C-alpha cells in the first residue's frame with residue numbers, strides 16, 4: 001500500500017509539472033485585468049495570477065523511491081531499527097534578493113534545501129533523518145575568454161546545515177550519543193567551463209569558534225575542506241561526478257549522478273551513486289555506499 005501511495009505521489013507530481021505552463025489556477029482563471037487603469041496594480045495582479053514570485057530551483061529537486069545501501073543504517077533511537085532500503089527526497093529553492101550593489105553585475109540570493117531519508121519500506125515508515133540547509137550567497141560573473149581556465153563565476157556563501165534534533169548527550173537512554181548534528185560554514189566556489197564540461201572547485205571551512213561543532217567536533221575530518229564537481233552534457237544526457245575530502249585524514253566521499261528527460265524541461269529520470277562519509281549528518285562518521293533511482297524535477 002505504501003509503495004502504491006508513493007507511486008501516486010510521483011505520478012501526480014509529474015502530471016502537475018507537465019501542465020504547469022498551460023494550466024491556470026481555476027480560482028484565478030476568470031480574473032480580468034484588461035480594464036485595470038493603474039499599471040502597477042495590473043502588473044502585480046498578473047504576477048499573482050501567474051504565481052510569479054521569484055522562487056527558482058537551486059540544487060537538484062528529486063524524489064528517489066528506491067535506494068539501497070551496502071549495510072543497515074546505524075540505530076541511534078532505541079525504538080527504531082533501520083533497514084538498508086529507503087526512499088530519498090530533496091527540495092531546493094532560491095530567491096534573488098538583490099543585484100549589482102558594487103557594479104560588478106553580481107547577484108545576491110537566499111536559498112533553502114531540505115533533504116530527507118524516508119524508511120518507507122518499514123511498517124511505521126519513519127524518516128531516518130531530515131537535513132535542513134539554508135544559505136545566503138553572492139555570485140560574481142566572470143567573462144574569461146583568454147585564459148585556459150575559462151572561468152565563468154565566483155560564488156561566496158554563508159551556510160548552515162543541521163538535522164533539527166534535540167541535544168541528547170546527557171540522556172542516559174542514548175548512552176551519551178547526541179542526536180543533534182549541525183555545522184555553520186563558509187564556502188567559495190569557482191566555476192569553469194570547457195565546452196559541455198562544467199567544473200566547480202569549492203573550498204569550505206566552519207566559522208571561526210563555531211559553537212555548533214560541539215555536536216560533531218570532528219565532522220571536518222570526514223566532510224573535508226575541498227570539493228570538485230564535474231558536470232558533463234551529452235545531447236540530452238547529463239552526468240555529474242563529485243569528489244570531496246580531507247587530505248590529512250584521507251576521508252571523504254564520491255557521488256555520481258545521471259539524468260535524462262522524461263518530460264522536456266520538467267521531469268527527468270535520475271540515478272545517484274554515493275560512497276563515503278557524510279551522506280547524512282546523523283551518521284557522518286560511518287561510511288556508506290548507496291545506489292538510488294527515481295525522478296528529478298530540476299537539474
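Report yes if some residue within the stretch 190-197 is part of a loop (DSSP other than H, G, I, E, B) and farther than 26 Å from residue 243 by Cα; otherwise report no.
No, that holds for no residue.
When you check residue 177 against the structure, is it modelled with pLDDT of 95 or more and over 20 Å from the mean Cα position of the chain (by Cα), yes or no?
Considered against the rule, which asks whether it is modelled with pLDDT of 95 or more and over 20 Å from the mean Cα position of the chain (by Cα), residue 177 comes out as no.
Filtering the stretch 262-284 down to residues that are surrounded by fewer than 15 Cβ atoms within 10 Å (Cβ to Cβ) and either under 17 Å from the mean Cα position of the chain (by Cα) or touching a residue at least 12 places away in the same chain (Cβ under 8 Å) (or both), which residue is nearest to residue 128 (Cα to Cα)?
Across the stretch 262-284, the extreme among qualifying residues is 269.
Within the stretch 180-197, which residues are surrounded by fewer than 18 Cβ atoms within 10 Å (Cβ to Cβ) and farther than 26 Å from residue 283 by Cβ?
188, 190, 193, 194, 195, 196, 197
I need a count of the residues in the stretch 219-256 that are surrounded by 13 or more Cβ atoms within 10 Å (Cβ to Cβ) and assigned to a loop (DSSP other than H, G, I, E, B).
Within the stretch 219-256, residues that are surrounded by 13 or more Cβ atoms within 10 Å (Cβ to Cβ) and assigned to a loop (DSSP other than H, G, I, E, B) number 3.
Quick grid of which residues meet (1) more than 26 Å from residue 122 (Cα to Cα); (2) under 26 Å from the mean Cα position of the chain (by Cα):
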| position | (1), (2) |
| --- | --- |
| 47 | yes, no |
| 54 | yes, yes |
| 61 | no, yes |
| 67 | no, yes |
| 70 | no, yes |
| 95 | yes, yes |
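Assuming residue 38 fulfils every condition listed in (1) out of contact with any strand residue (DSSP E or B) (no Cβ under 9 Å at 6 or more places or on another chain); (2) surrounded by 11 or more Cβ atoms within 10 Å (Cβ to Cβ) apart from one, which condition is it?
Going through (1) out of contact with any strand residue (DSSP E or B) (no Cβ under 9 Å at 6 or more places or on another chain); (2) surrounded by 11 or more Cβ atoms within 10 Å (Cβ to Cβ) one by one, residue 38 breaks only (2).
Condition check: surrounded by fewer than 17 Cβ atoms within 10 Å (Cβ to Cβ) and either out of contact with any strand residue (DSSP E or B) (no Cβ under 8 Å at 6 or more places or on another chain) or over 30 Å from residue 77 (Cα atoms) (or both). Does residue 127 satisfy that?
The answer is no for residue 127.
Out of (1) within 30 Å of residue 215 (Cβ to Cβ); (2) not in a strand (DSSP E or B), the odd one out for residue 291 is which?
The single condition residue 291 does not satisfy is (2).
If you check every pair at least six apart or on different chains, which have Cβ atoms under 7 Å apart with a residue in the stretch 73-92 that is not assigned by TED's automatic domain parsing to the domain that holds residue 113 and surrounded by 14 or more Cβ atoms within 10 Å (Cβ to Cβ) first and a residue that is part of a strand (DSSP E or B) and at pLDDT 95 or above second?
Note: no pairs meet the criteria.
The values are calculated or read from the model by the stated rules, or taken from the named source; none is laboratory data. Source: prediction; values computed, not measured. In this analysis, Cβ positions are derived from the backbone assuming ideal geometry, glycine residues included, and neighbour counts consider all displayed protein chains.
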